[in-house]
Ligand SMILES: Cc1ncc(C[n+]2csc(CCOP(=O)(O)OP(=O)(O)O)c2C)c(N)n1
Ligand code: SF4
Ligand SMILES: [Mg+2]
């Protein structure tokens, strides 16, 4: 007796196949780093077994901010206004604390027009994943420099950037984000592990992902090109992630590896490539980032992780049920309350 | 700066000794930060407790301490609560403004002044009373650093004696004011008594003004519009508030915080709301939009400068169809303008806030009662029409104390609009977010987190079709915009209707918001003084309802009275009315930043009538 060789799709722990995490067909340029990041998000969400219905995708305006249309079509999504997705995300998360908020922004969207909202999001430690797809330019408006462009970096037109870049990771750590790292859209393995850790984390996750713009910033003289990244990428660690539901006991050497237990019990393992880097030391990690800039290195990896600080939801002492769907009996106080309020005013 | 221009007024026989009972305007001129607020509230409440209708208006500078401030209490037996143009009784405590305050009074007015100010030589046609406050305060208040505050209570005692305000009521008002601080209450009481005693033995009554017990305030409350709005929002079931401090709106969210902490913490000790002080108004509205999208009853409160910052998001919310409530407590613009003065200057810019074809529902309360009820209307309409609703209050309403009837408990259940839950999707199989299924222009939405594979849709401000898919097709864009316009047309029959009082007059008056209080008084003046009857329509919302068109049709001349320069509401009316009717509209507009008074309206209307 022979079995028909149909390839049954592999299902994750919520019974979905990877196809259930796909979105619309991308309209971004072929080879755009943003597309690769979308792929990694799909894989990470699928492997972590996140129900797509629980995810709220949020973005600002830009090529990067368009990308949520191209993954996870079964999740609600909100393409907001330029630079102001953080406020929309804040409102949405507080309205429904059960959501998993995934924000996608660009370097223009976050580091220029959106800087005000970016810094305040970081400081609130709102539970959400915030990804900056960082190409050093405004892709959608045809290639002007952004505020993350490196000093001396050159546009196709020959224009040289003569202002220093903003390091969004150093900023995020300074301001209070609790999981901060940098990766590269071309580093499949590193980005994949970091995204999984991001999904497990409960607090603001800020990932700056260098994501080359093949159309406007991938040439000789650009510091955000594929080639430049291949030559200058300095990973701090080799990252692996053991989800809580995969009960694998793998030996590791505490001397060379830092293990962080995430909120849900998953474990983030960072095998040190730089001996005395400590991702739980806030001050030193900021210093190291600034040193790297001066040395012309592009550091990648998990820069900072802190699973102790309470999230914004904890600080607000929110009731367990989403605010959005609280019944009238809870949100409208009784007659006696109005009577009391009136009496006080007589 | 004086707050009145009475130079124009005739003496009109006010020097004759007569009794003027329950009809006066008392103005207290002090220095900002000197703590006169408590004294003025005690004075206001004492009169109120005697059953005499009152209103209190604080005219304050944009400053924390040191600049002049005036508080006006109007007591009026007929129930008029608008600002009265003429001041009858001045309590002059501020050396900086005393001269001008006195010079601007009409003959016959009374002046109570701090002895060292030596004002009595300024004019011979006023009635002066001088009080040595410093001498009186020392014995009652041994603690020198409290004297500056306690001094203000002395004038309460003097005024009580001169106007014959019942001291029992003054004591009651003080006990209420210092409810939790018995020591402070006693200290203040002895200061009042010292003033009273001083007046009794040293100040023979020479002015004609008296307060006499009536029964016109029985059961009523005193509240500012912002607190009334806060209560309204709480009973409307608000769950999300974001805000950025700005006068005159801050006290609205601050009052919500107070009430919600007391009455909206669940039995488990957890909050059934989130209130966020945002980093600016761009974020405040962004949070409202995010929370509204995710299903919360979300709101923010601001003033003109904040409204300007919210413009882009307002367009997104309009086009992506997201509910939210925005309170605009209007103040004087443009720019920072007069930040502590009242205005109705944001009507046009808010009605069309944002780029492209946008227009918004506006609700316009005139009273504390309406701040309470319209808070509920606003949330209901926002969720019914899936759009922003702006509540256009103003500084006069929001920050001043008003008499009000006790608020009625909302009898209608909360309705959340067209939201599909998982069970609905199980039944329907799917949905198209922007499809006009019911012919009213309003589509069905789902909330993020709805546990159904067909629940999700993509919310965007860029062109989209019925399924909310990206589209640049001309027909998709046109259909969508026409449908959204249909919602607005539908809203005409759901927004609060105007309040109309019509008789047979050819003259109509249209006004809105706090102008109302001047209008009712002005109509009486026109009738009594000139024998002119007028009809009146008080607008309560935009878009305009059928009654508005009818009203203009029924009158030869329609005076649109408002507190801005450019006749903003009149301009909105022009866009809505049949062309033939437009020429009937005439503008009476005021922009001085002071609450509108009846006399100005009467005078201007008579001039325009050619009389
Ligand atoms: C208020 C406003 N100003 C300007 C723009 C125009 N604009 C659209 S995208 C963009 C820059 C996007 O750059 P980035 O966030 O880096 O995204 P990328 O396209 O590079 O992925 C700008 C300036 C806009 N949409 N809104
Ligand atoms: S322009 Fe650049 S950023 Fe935009 S899609 Fe093309 S490659 Fe990507
Ligand atoms: Mg960019």
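We did not get these values from a lab; they are worked out from the coordinates using the rules stated. Remember, it's a predicted structure, so these values are computed and weren't measured experimentally. Note that we place each Cβ from the backbone using ideal geometry, even for glycine, and neighbour counts take in every protein chain shown.
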Within region B:152-170: backbone nitrogen closer than 17 Å to the residue B:181 label point (7 Å, Cα to C-beta): B:152-154
Inter-label distance, nm, simple model (7 Å from Cα along the C-beta direction), residue A:17/residue B:164: 9.4 nm
Most exposed first, judged by fewest Cβ atoms within 10 angstrom, B:522, B:571, B:250 run B:571, B:250, B:522
Extension length gain for residue B:138 and residue B:335 (0.36 nm per residue less Cα distance), in nm, is 66.4 nm
Can you tell me what share of the DSSP beta bridges in region B:223-404 is antiparallel? A percent to the nearest 5 is fine. 20 percent
For chain B, state the average projected area of the convex hull of the C-alpha atoms over all orientations, rounded to one decimal in nm². 30.2 nm²
Please rank B:431, A:216, fewest neighbouring Cβ atoms within 10 Å first, as an exposure proxy. B:431, A:216
Between 0 and 90°, nearest 10: helix A:115-124 axis offset from chain A longest Cα axis: 60 degrees
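Of all DSSP beta bridges located in chain B, what percent are antiparallel, nearest 5?
Details: 29 of 82 bridges.
Within chain B, antiparallel bridges account for around 35 percent of the total.
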In this structure, the FRET efficiency calculated for residue B:438 and residue B:257 from their beta-carbon separation, with R0 = 51 Å, to the nearest 0.05, is 0.85
How much length, in nm to one decimal, is gained on full extension between residue B:580 and residue B:148, taken as 0.36 nm per residue of separation minus their Cα-Cα distance? 149.3 nm
Could you compute how fast region A:28-316 diffuses translationally, taking Rh as the Kirkwood radius over C-alpha pairs and applying Stokes-Einstein at 37 °C with viscosity 0.692 mPa s? Give it in µm² per second. 175 µm²/s
Backbone N under 19 Å from the residue A:238 label point (7 Å along Cα→Cβ), restricted to region A:265-285: A:267-279
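Classify region B:20-210 from the C-alpha gyration tensor, please: rounded if a/c falls under 1.5, else prolate or oblate depending on whether a/b exceeds b/c. Could you put the intermediate results ahead of the total?
On the way: a/c = 1.31, a/b = 1.14, b/c = 1.15.
The shape class here is rounded.
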Once R0 is set to 35 Å, what does the formula 1/(1 + (r/R0)^6) return for the Cβ-Cβ distance between residue B:423 and residue A:115, expressed as a FRET efficiency to the nearest 0.05? 0.20
What is the distance, in nm, between label points placed 7 Å from the Cα along the Cα-to-Cβ direction at residue B:408 and at residue B:571? 3.7 nm
At residue B:63 and residue B:415, where each label point lies 7 Å from the Cα along Cα→Cβ, what is the point-to-point distance in nanometres? 5.2 nm
Relative contact order computed over chain B (Cα-Cα under 8 Å; 6+ residues apart), in percent: 12 percent
Measure nothing but the geometry: give the 0 to 90° angle between the long axis through the Cα atoms of B:147-163 and the longest principal axis through the Cα atoms of chain B, rounded to 10°. 80 degrees
Report Rg/Rh for region A:1-116, rounded to two decimals, where Rg is the Cα radius of gyration and Rh the Kirkwood radius. 1.07
Helix B:36-49 versus the longest principal axis of chain B: what angle, 0 to 90°, nearest 10, using Cα atoms? 90 degrees
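Antiparallel versus total DSSP beta bridges in region B:499-608: what percent is that, nearest 5? Spell out each step's value before the answer.
Values: 3 of 17 bridges.
Restricted to region B:499-608, the bridges split so that about 20 percent are antiparallel.
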Going by C-beta contacts inside 10 Å, put B:46, B:343 in order with the fewest on the left. B:343, B:46
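Say R0 is 41 Å: what FRET efficiency, to the nearest 0.05, do residue B:357 and residue B:608 get from their beta-carbon distance?
Details: r = 35 Å, r/R0 = 0.85.
Given R0 = 41 Å and the Cβ-Cβ separation, E is 0.70.
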